[in-house]
Amino acid sequence: MNIRDKLKRPIKDLRISVIDKCNFRCPYCMPKDIFGERYQFLKNDELLSFDEIYNITNIFSKIGVEKLRITGGEPLLRKELPVLIQKLKSIDNIKEIALTTNGFLLKKHAKDLKEAGMDRLTVSLDSLNSESYKKLNGQNLDLDRTLEAIEYSNLLGFENIKINCVVMKGINENQIIDLAEFGRKNNIIVRYIEYMDVGNINGWKPEHVVSAKDIINIIEKKYKLTPLDSNYYGEVASRYGFSDGLGEIGIISSVSKPFCSDCTRSRITADGQMYTCLFTNSGHDLRTAIRSEKLDDFEQYVKSIWENRTDQYSVLRSKGKLESDKVEMFKIGG
Ligand code: SF4
């Protein structure tokens, strides 16, 4: 079955947040002054269990989902994550499972995740400069551990490892070339993300954005780029190959070139709320429904949520319609 929403978009991707906690305090997502020691994160019994995540994902796979992305908070803080990956991998229609992590704990878990069936890794890395990296993770944590984890994951045989870098004006646009060269040298695809007004607490302003065009101009001062076709319908990043053939980069341009028209993504929070857009504020409670164990009703419930979906926030933003009350990024993991 392949259901479609009101804008005729199929559901193909499910992003599953397995925990709201994180070991970083990135200013644009979980600023330290708000998420201090007293902040109340979800308790264990509020989190979806692995069986519940499995049952929910199984239903989503029946209505068209083929790809899963495991996110957080920081997903590697969820204990025994490989057990969940093995379960999800056993679902027939699921073709690929990817992980988005800040990489700090990756070296410890990479081998078990690979053996459990994890297909792809994306590491969030906003700087290759140790001092700015420490500042940007908000916890003064060292860059080397993340770089070692990327190298080790490469050696383990993870292919097409990606790096996501949120580019913020006056903060880290001076890292664009360094990251591009790191990607060329290590056969890693660097994806530059235009800074977005995710959540309600990062103080985003349009003038903080380094646009896709700016990023290309900065790179082309040193390396010629050639636009590449998307790998598949609904791919988030626009692809550019280095003209000398040494790899490619991606740019996620939600602000300057919205891509809502082929958005096939749904998201689930660690406590079982379904969000049909990164920028919406209305979630749908799946936890109560899945705990009622009426799975036929549940499938109908999920189907109707998607079929009634009309989200296209980035398009509306480009017309000046901004939302003030959105779900926080750390709950749905981007
Ligand atoms: S703004 Fe919402 S609808 Fe548009 S691409 Fe992002 S998640 Fe999809």
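The values are calculated or read from the model by the stated rules, or taken from the named source; none is laboratory data. As the structure is a computational prediction, the values presented were derived from the model and not from experiment. Using ideal geometry, Cβ is built from the backbone for each residue, glycine included, and neighbour counts are taken over all protein chains shown. Keep in mind that these areas ignore ligands, DNA and RNA; they rest on the heavy atoms of the full protein, side chains included. Shrake-Rupley method; radii C 1.70, N 1.55, O 1.52, S 1.80 Å.
Condition first: part of a loop (DSSP other than H, G, I, E, B), touching a residue at least 60 places away in the same chain (Cβ under 8 Å), out of contact with any Leu (no Cβ under 9 Å at 6 or more places or on another chain) and at positive phi. Can you find one or more residues in the stretch 11-19 that meet it? Looking through the stretch 11-19, none of the residues is part of a loop (DSSP other than H, G, I, E, B), touching a residue at least 60 places away in the same chain (Cβ under 8 Å), out of contact with any Leu (no Cβ under 9 Å at 6 or more places or on another chain) and at positive phi. Restricted to helices (runs of 4 or more DSSP H) entirely inside the stretch 125-207, those with at least 3 residues that are of a type in the set (A, V, I, L, M) are 143-156, 176-186. Selection of the stretch 222-249 for residues being in contact (Cβ under 8 Å) with a residue 40 or more places away in the chain and more than 15 Å from the ligand (Cβ to nearest atom) yields LYS222, TYR223, PHE242, LEU246, GLY247, GLU248, ILE249. Quickly run through the stretch 50-105 and pick out the residues that are of a type in the set (Ser, Thr, Tyr) and in a strand (DSSP E or B). Listed by number, the residues that qualify are THR71, THR100, THR101.
Has the stretch 290-303 got at least one residue that is touching a helix residue (DSSP H, G or I) at 6+ places or on another chain (Cβ under 6 Å), assigned to a loop (DSSP other than H, G, I, E, B) and of a type outside the set (A, V, I, L, M)? Checked the stretch 290-303: no residue is touching a helix residue (DSSP H, G or I) at 6+ places or on another chain (Cβ under 6 Å), assigned to a loop (DSSP other than H, G, I, E, B) and of a type outside the set (A, V, I, L, M).
Taking the criterion of being assigned to a loop (DSSP other than H, G, I, E, B) and either crowded, with 22+ Cβ neighbours inside 10 Å or away from the ligand (no atom under 13 Å from the Cβ) (or both), the residues of the stretch 265-278 that qualify are THR269, ALA270, ASP271, GLY272, CYS277, LEU278. Of the residues in the stretch 22-32, at least one is surrounded by fewer than 19 Cβ atoms within 10 Å (Cβ to Cβ), touching a residue at least 60 places away in the same chain (Cβ under 8 Å) and of a type in the set (S, T, N, Q). Here ASP126, ASP119, ASP144 are screened, and the one residue that is of a type in the set (Asp, Glu) and more than 25 Å from ILE16 (Cα to Cα) is ASP144. Look at (1) more than 30 Å from THR310 (Cβ to Cβ); (2) touching a Phe, Trp or Tyr at 6+ places or on another chain (Cβ under 9 Å); (3) open to solvent by 10 Å² or more (accessible area, probe 1.4 Å) and you find that LEU84 fails only one, number (3). Of the numbered criteria (1) surrounded by 14 or more Cβ atoms within 10 Å (Cβ to Cβ); (2) under 27 Å from SER230 (Cα atoms); (3) within 14 Å of the ligand (Cβ to nearest atom); (4) small (Gly, Ala, Ser), the one SER261 fails is (1). Total residues in the stretch 302-326 satisfying the condition of being under 30 Å from ILE59 (Cα atoms), more than 8 Å from the ligand (Cβ to nearest atom) and either at pLDDT 95 or above or open to solvent by 80 Å² or more (accessible area, probe 1.4 Å) (or both): the figure is 10. Scanning the stretch 103-141 for residues that are open to solvent by 10 Å² or more (accessible area, probe 1.4 Å), closer than 20 Å to MET30 by Cα and either touching a Phe, Trp or Tyr at 6+ places or on another chain (Cβ under 8 Å) or among the aliphatic types (A, V, I, L, M) (or both) returns PHE104, LEU105, ASP126, LEU136, GLY138, GLN139, LEU141. Name the single residue that is surrounded by the most Cβ atoms within 10 Å (Cβ to Cβ) among those in the stretch 235-258 being among the aliphatic types (A, V, I, L, M), more than 20 Å from PRO206 (Cβ to Cβ) and in contact with a strand residue (DSSP E or B) (Cβ under 6 Å, 6 or more places away or on another chain). By that ranking, first place goes to ILE249. Residue under question is LEU48, and the condition is that it be over 16 Å from LYS331 (Cβ atoms) and in contact with a helix residue (DSSP H, G or I) (Cβ under 7 Å, 6 or more places away or on another chain); does it hold? When the stated conditions are applied, LEU48 does not pass them.
Within the stretch 116-145, the only residue that satisfies the criterion of being within 15 Å of THR100 (Cα to Cα) and basic (Lys, Arg) is ARG120. The residue of the stretch 279-301 that is modelled with the highest pLDDT, among those that are more than 16 Å from the ligand (Cβ to nearest atom) and hydrophobic (A, V, I, L, M, F, W, C), is LEU286.
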